[in-house]
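Student: To start, I am sharing the structure in question, which I have written as structure tokens.
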Amino acid sequence: MATSFFFYFAGVIVLTSILVVALRNPIYSALSLLIMFFHVAGLYVTLHAEFLAAVQIIVYAGAILVLYLFVVMLLNVKREERYHAQLPIAALLGLTILTEIVLLTLQHRFGGDVSSTESVSPAGEALGNTEAIGQVLYSTYLFPFEVASLILLVAMIGAILLAKRDLFEGAK
Amino acid sequence: MVPLSYYVVLSAMVFITGVVGVLIRRNIIIILLSVELMLNATNINFVAFSHHLGNVAGQVFVFFALTVAAAEVAVGLAIIIALYRSRSSINVDEFQLLKW
């Protein structure tokens, strides 16, 4: 049952991620990325990461992708030539790296030490996913959490500065 | 129970798709979408290992990656709008001022 769910989600994720790169119209690319985000959220649910599944849908599908669609429709670009001139080299490089990674991963199978540590059951299982993440986030990772808020502040200021048309024109 | 290597292979496929998209497309918006694909591939890896090792820290790192992705999208799209204002194009081949 879990395996069939995994193969469904994995198949749709791979298909839509290829469509994102291959489709001609940027709006269609963004919409297939939306389908991919939903299926990644489903994959998170099968991995017992319910909080991240919700955040994935709210932040990625709700905020980031809407921003993309807004910019795509704002710019209103004509259809252009699709691929870069270095397509053959890029395709060759990508295929080589992909086969290499697949071969290496299938060779090792992640036996011994990874599965042996699985028996160390987390305290979070009895507690629920969101509570466990919250406790770790606000105790062990408190400083990175504050840095993340600083990153968001800098991004907000930077976006306003870059996109405003004549911010310093009035002062001159 | 799905083996961990399946998740790693899936994540590798999505990541390679993102790399190829960054290399071959000319539309700068599609390039940013391909960067999103790569970030999602690493997130899948994080969550799969977090589930497999029984450690919540992997999911916390996905949270941070999501924060950085949101910041990257905001700044990147602002840069795209500024570029479109100055050149009225979002084709990456047009921006070669530093090339000689």
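Student: Over the Cα atoms of chain B, how large are the radius of gyration and the largest Cα-Cα distance (Dmax), in Å?
Tutor: Considering chain B through its Cα atoms, Rg and Dmax are 16.9, 56 Å.
Student: Determine, for each peptide in A:5-16, A:95-106, A:45-56, the mean count of other beta carbons within 10 angstrom over its residues, then list the peptides with the highest first.
Tutor: Details: A:5-16: 17.8, A:95-106: 13.3, A:45-56: 20.0.
Order by mean packing, descending: A:45-56, A:5-16, A:95-106.
Student: Still on this model: Can you tell me the accessible area per residue over the protein assembly as shown, all protein chains present, probe 1.4 angstrom, in square angstrom? Intermediate values should be presented prior to the final figure.
Tutor: Working: 14600 Å² over 272 residues.
Accessible area per residue: 54 Å².
Student: Would you work out if the protein assembly as shown is rounded, prolate or oblate? Take a ≥ b ≥ c from the square roots of the eigenvalues of the alpha-carbon gyration tensor; rounded if a/c is under 1.5, else prolate when a/b is larger than b/c, oblate otherwise.
Tutor: Numbers: a/c = 2.25, a/b = 1.40, b/c = 1.61.
Oblate, because a/c is 1.5 or more while a/b does not exceed b/c.
Student: Give the average, rounded to an integer, of partner chain Cβ atoms located within 10 angstrom of each Cβ in A:52-60.
Tutor: On the way: counts 10, 1, 0, 4, 5, 0, 0, 5, 8.
Across A:52-60, the average partner-chain Cβ count within 10 Å equals 4.
Student: Quick one: with all protein chains in place, what share of the accessible area of the stretch A:1-78 is carbon or sulfur, to the nearest percent (1.4 Å probe)? Each step should come with its number before you reach the end.
Tutor: On the way: 2840 of 3600 Å².
That share works out to 79 percent.
Student: Sticking with this one: With solvent modelled as a 1.4 Å probe, how much accessible area in total do chains B and A shield from it at their shared surface, in Å² to the nearest 100?
Tutor: Values: alone 7330 and 14110 Å², together 14600 Å².
Heavy-atom accessible area buried at this interface is about 6800 Å².
Student: Which whole-angstrom value gives the distance between the alpha carbon centres of the stretch A:1-63 and the stretch B:39-100?
Tutor: 16
The values are calculated or read from the model by the stated rules, or taken from the named source; none is laboratory data. Computed from a predicted structure; not experimentally measured. Cβ: placed from backbone, ideal geometry, glycine included. Neighbour counts: every protein chain shown. Note: accessible area is taken over every heavy atom of the protein model, side chains too, but ligands, DNA and RNA are not part of it. Shrake-Rupley method; radii C 1.70, N 1.55, O 1.52, S 1.80 Å.
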